[in-house]
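Report on one structure; see the data block that follows.
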Amino acid sequence: MHQLLSTRRVARFVLLGTALGAGGVAYTQAGGEAKAWAHQELTWVKDAVLPSVQSVLLWGDPPTGEHGMLRKFPAGYAPAPHTHPSVERVVIILGSVVVKHSGSTEKVLGPGSYSEIPPNVVHSVRCAEQSDCEFVLTSSGPFAIVPANEEQR
């Protein structure tokens with residue numbers, strides 16, 4: 001079941017997405033093409049590391065540098081605790097994502113919510129059971145999912 005975003009939430013999402021995507025604007029101005037994709041035109045690709053996860057690349061190159069993508073988790077999905085080599089910034093579009101990072105308690109983030117995890121910080125995320133989750137993920141550098149070892153959890 002899709003959750004409808006209110007006009008206010010859409011406006012906040014656009015403003016935050018614009019702020020998060022400043023690097024994407026620079027990327028486009030540096031010779032890329034203008035892009036405008038309706039949701040139904042998006043091509044979702046299964047993640048090579050987390051096959052339950054799907055992504056749409058918006059800009060950049062995740063293996064080597066700055067980028068932005070849409071990500072989709074199925075309801076109830078929770079990858080193992082992990083880190084990333086670069087900052088991870090997320091804006092929730094649909095569903096509720098439960099986030100916990102080292103030294104914090106779990107926090108439920110619904111549509112319009114924002115999360116920022118610095119590089120190499122162990123964290124866990126889980127899509128709540130009620131519905132699939134979609135979110136915008138941007139990063140200032142390469143994207144990799146590095147499993148946390150037992151001592152880090």
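Derivation of every value follows stated rules applied to the coordinates shown; laboratory data play no part. Predicted, not measured: the structure shown is a model, and the values here were computed from it. A quick note on method: Cβ atoms are made from the backbone with ideal geometry, for glycine too, and the neighbour counts reach across all protein chains shown.
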Which residues' amide hydrogens lie under 5 Å from the amide hydrogen of Val87, considering only partners 5 or more residues apart or on another chain, with H built in the peptide plane? Ser140, Gly141
List His101, His67 from most exposed to least, where exposure is judged by having the fewest other Cβ atoms within 10 Å. His101, His67
For segment 35-51, just list the computed ³J(HN,Hα) in residue order, Karplus coefficients 6.51, -1.76 and 1.60, θ = phi - 60°, integers in Hz, with x standing in for Gly and Pro. 10, 8, 10, 6, 3, 5, 8, 5, 9, 7, 10, 5, 6, 5, 8, 10, x
